[in-house]
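Peer 1: Quick one: the structure is below, and I'll ask about it shortly.
The values are calculated or read from the model by the stated rules, or taken from the named source; none is laboratory data. What you see is a predicted model; the values in this text were computed from it and never measured. Backbone-built Cβ (ideal geometry, glycine too); neighbour counts: all protein chains shown. Note: accessible area is taken over every heavy atom of the protein model, side chains too, but ligands, DNA and RNA are not part of it. Shrake-Rupley method; radii C 1.70, N 1.55, O 1.52, S 1.80 Å.
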Amino acid sequence: MTTLRGRGRVAGLPEWDRCAVMGVVNVTPDSFSDGGQWFDTELAVKRGHELITAGADLVDVGGESTRPGAARVDEAEELRRVIPVVRELAAAGALVSVDTMRATVAERAVEAGARLVNDVSAGGADPAMIPTVAAAGVPFVVMHWRGQSIDMNNRAVYRDVVGEVLAELRTGLERAVAGGIDPERIVIDPGLGFAKEAEHDLTLVAQLSALRALGRPLLVAASRKRFLGRVLASGDGTPPPARERDAATAAVTAIAAREGAWAVRVHEVRASADAVRVARAIEAAGDTAGAP
Ligand code: PMM
């Protein structure tokens with residue numbers, strides 16, 4: 001028997017029989033873990049293809065860094081970075097998601113072939129975002145967010161992180177639906193590292209299944225984040241550089257897949273692609289063992 005373990009379906013996207021892998025293409029000079037590396041259309045497109053070859057099911061193209069403390073880029077610059085990359089990857093048959101907080105960028109990216117809008121502000125940064133996504137009829141990621149990166153660390157204050165994230169995600173979900181987005185097209189995301197300290201992120205990963213109460217597929221984006229740096233820190237508290245957190249990322253992928261996440265968003269795809277396949281095989285073996 002195969003089950004989707006409550007992973008759920010996102011209308012308008014393919015259905016995978018396992019946790020999907022979203023590869024990250026940051027077309028930015030300053031993203032915290034890979035900033036600058038793909039800051040060029042041609043290189044970014046090449047990176048997208050590499051991620052797909054490595055096993056990515058989707059590629060998430062973004063032109064604005066959201067690392068803590070980051071300042072905004074202007075819209076013209078974001079369009080210049082993102083649209084050609086989306087167009088080329090989509091034309092080559094890739095399933096492309098656009099990572100943006102701007103309605104105009106989302107709209108133009110969908111025209112260029114993007115099939116999912118991933119807005120870390122869940123429509124909070126641009127009042128035109130929800131109506132634009134509703135009109136475009138594409139899936140939308142509602143991530144937990146408490147304000148712009150420039151000062152988000154000040155908002156990392158919780159009494160009950162899981163309960164508060166759940167309640168705030170519910171509000172985001174309701175706002176998206178009230179704005180006309182088809183609930184069947186909504187994905188939710190706990191927003192690891194966004195207005196969260198390491199212990200908040202760890203608690204959320206430990207209790208991912210609690211977020212399933214929202215009844216929507218779950219995206220988990222732990223890749224190379226600070227909380228992994230904290231866990232891996234040496235005796236004097238120095239975290240390894242972001243690029244040395246990929247094995248730890250794959251460990252979270254395995255856990256998220258086992259907990260029924262719909263997708264993980266990662267910078268280095270290969271290990272996570274393997275992890276979701278192993279998690280799927282274990283799930284299938286468990287199902288067989290449990291069959292009468
Ligand atoms: N994190 C980043 C960017 N985009 N999108 C979603 N849905 N969830 C996230 O947690 C998320 C995101 C920041 O990380 P990056 O600079 O490594 O891309």
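Peer 1: State the number of residues belonging to the range 57-67 that are crowded, with 24+ Cβ neighbours inside 10 Å and either more than 18 Å from the chain's Cα centre (by Cα) or more than 14 Å from the ligand (Cβ to nearest atom) (or both).
Peer 2: Counting residues in the range 57-67 that are crowded, with 24+ Cβ neighbours inside 10 Å and either more than 18 Å from the chain's Cα centre (by Cα) or more than 14 Å from the ligand (Cβ to nearest atom) (or both) gives 0.
Peer 1: Cβ-Cβ distance below 6 Å, separation of 6 or more or different chains: which pairs start in the range 7-29 with a residue that is over 23 Å from Glu42 (Cα atoms) and end on one that is crowded, with 17+ Cβ neighbours inside 10 Å and β-branched (Val, Ile, Thr)?
Peer 2: Close Cβ pairs satisfying both conditions: Val10/Val187; Arg18/Val276; Cys19/Val276.
Peer 1: Can you tell which of Ala91, Ala70 is at negative phi, within 12 Å of the ligand (Cβ to nearest atom), more than 17 Å from the chain's Cα centre (by Cα) and among the small types (Gly, Ala, Ser)?
Peer 2: Ala70
Peer 1: Sticking with this one: Where residues in the range 165-214 are free of Cβ contacts under 8 Å to residues at least 60 places away in the same chain and basic (Lys, Arg), which of them is surrounded by the most Cβ atoms within 10 Å (Cβ to Cβ)?
Peer 2: Checking each candidate, the answer is Lys196.
Peer 1: Which one of these does His144 not meet: (1) over 19 Å from Arg226 (Cα atoms); (2) crowded, with 17+ Cβ neighbours inside 10 Å?
Peer 2: Here His144 meets the rest and fails (1).
Peer 1: State all residues of the range 261-292 that are open to solvent by 10 Å² or more (accessible area, probe 1.4 Å), in a helix (DSSP H, G or I) and of a type outside the set (A, V, I, L, M, F, W, C); if no residue qualifies, say none.
Peer 2: Result: Arg270, Asp274, Arg277, Arg280, Gly286, Asp287, Thr288, Gly290.
Peer 1: While we're here: Somewhere in the range 232-240, is a residue crowded, with 17+ Cβ neighbours inside 10 Å, touching a strand residue (DSSP E or B) at 6+ places or on another chain (Cβ under 9 Å) and not small (Gly, Ala, Ser)? Reasoning before the result, please.
Peer 2: Going residue by residue through the range 232-240, those that are crowded, with 17+ Cβ neighbours inside 10 Å are 239.
Then keep just the ones that are touching a strand residue (DSSP E or B) at 6+ places or on another chain (Cβ under 9 Å); that gives none.
No: the range 232-240 contains no residue that is crowded, with 17+ Cβ neighbours inside 10 Å, touching a strand residue (DSSP E or B) at 6+ places or on another chain (Cβ under 9 Å) and not small (Gly, Ala, Ser).
Peer 1: To continue, here is another question. Which residues, counting only those in the range 163-177, are more than 16 Å from the ligand (Cβ to nearest atom) and of a type in the set (Val, Ile, Thr)?
Peer 2: Thr171, Val177 - these are the residues of the range 163-177 that are more than 16 Å from the ligand (Cβ to nearest atom) and of a type in the set (Val, Ile, Thr).
Peer 1: Would you check which residues across the range 219-229 are open to solvent by less than 20 Å² (accessible area, probe 1.4 Å) and out of contact with any strand residue (DSSP E or B) (no Cβ under 6 Å at 6 or more places or on another chain) and list them?
Peer 2: Ala222, Arg224, Phe227, Leu228, Gly229
Peer 1: Check the range 148-159 and report whether any residue there is within 18 Å of the chain's Cα centre (by Cα) and under 26 Å from Ala257 (Cα atoms).
Peer 2: The answer is no; no qualifying residue exists.
Peer 1: Output the number of residues of the range 78-92 satisfying the condition of being open to solvent by 50 Å² or more (accessible area, probe 1.4 Å) and within 14 Å of Thr41 (Cα to Cα).
Peer 2: Number satisfying all stated conditions: 3.
Peer 1: Please determine whether any residue of the range 241-254 is free of Cβ contacts under 8 Å to residues at least 12 places away in the same chain and either touching a helix residue (DSSP H, G or I) at 6+ places or on another chain (Cβ under 7 Å) or surrounded by 20 or more Cβ atoms within 10 Å (Cβ to Cβ) (or both).
Peer 2: No, the range 241-254 has no match at all.
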